[in-house]
Amino acid sequence: QVQLVESGGGLAQAGGSLRLSCAASGRTFSSCSMGWFRQAPGKEREFVAAIKGSGGNTDYGDSVKGRFTISRDNAKNMVYLQMNSLEPEDTAVYYCAADIGRLLGGRWSANYWGQGTQVTVSS
């Protein structure tokens, strides 16, 4: 089992920045691929970013490439999402996820989820 707790969401203006944090517990963190998803009202959950256990490999959804950066600190069991150049379209509930990977057909999924943190970007 993995427990995930997100923090750092809130209100930002377009063009601004926010940093999300995710505290993980419950299993060997450094061997676990981690990531972030988001879900806007009326839309399906969307893959945002993923990072391998070692921290060496990262992947990003097309809508956030070049603006968001995922990182991790294995010594602290933490994952971060630095969000820059925020747009109103980034408004969503952001979920931290563990044991993340791609299913057949390329869709991203995960076995463990946090409760989510709201990010609202005003224009």
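The values are calculated or read from the model by the stated rules, or taken from the named source; none is laboratory data. Worth saying up front: this structure is predicted, and the values here are computed from it rather than measured. For neighbour counting, all protein chains shown are included, and Cβ atoms are generated from backbone atoms with ideal geometry for every residue, glycine included. What goes into the accessible areas is simple: the full protein's heavy atoms, side chains included, and nothing from ligands, DNA or RNA. Shrake-Rupley method; radii C 1.70, N 1.55, O 1.52, S 1.80 Å.
Summary table
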{"item": "Sequence-distant residues sharing a close amide H with A49 (under 5 Å, placed H)", "result": "W36, G61"}
{"item": "Phi-based couplings in Hz for segment 76-82 (Karplus 6.51, -1.76, 1.60; Gly and Pro marked x)", "result": "10, 6, 10, 10, 10, 9, 8"}
{"item": "Percentage relative contact order, segment 1-74, counting C-alpha pairs under 8 Å, at least six apart", "result": "22 percent"}
{"item": "In Hz, Karplus ³J(HN,Hα) per residue of segment 2-7 (6.51, -1.76, 1.60; θ = phi - 60°; x = Gly, Pro)", "result": "10, 10, 10, 10, 8, 8"}
{"item": "Reachable lysines from K52, criterion Cα separation under 16 angstrom, eight or more residues apart if same chain", "result": "K76"}
{"item": "Linear extension gain, T69 paired with S123, 0.36 nm per residue minus alpha-carbon span", "result": "17.2 nm"}
{"item": "Which of S122, L20, A40, positive extreme of dipole for segment 19-123 (C-beta unit charges)", "result": "L20"}
{"item": "Amide H within-cut-off set for T91, under 5 Å, with H built and near neighbours excluded", "result": "V121"}
{"item": "Residue-level accessible surface for E44, protein heavy atoms, 1.4 Å, Å²", "result": "150 Å²"}
{"item": "In order through segment 12-18: 3J(HN,Hα) via Karplus (6.51 cos²θ - 1.76 cosθ + 1.60), integer Hz, x for Gly, Pro", "result": "9, 8, 4, x, x, 9, 9"}
{"item": "Sum of side-chain charges, G66 neighbourhood, beta-carbon under 15 Å (Lys, Arg +1; Asp, Glu -1)", "result": "-3"}
{"item": "Where W108, W36 fall by accessible area, highest first, once all protein chains stay in place (1.4 Å)", "result": "W108, W36"}
{"item": "Alpha-carbon Debye profile of the chain, log10 I(q)/I(0) at 0.16 Å⁻¹", "result": "-0.69"}
{"item": "Cβ-based charge dipole, the chain, positive-most Cα from V64, V5, S30", "result": "S30"}
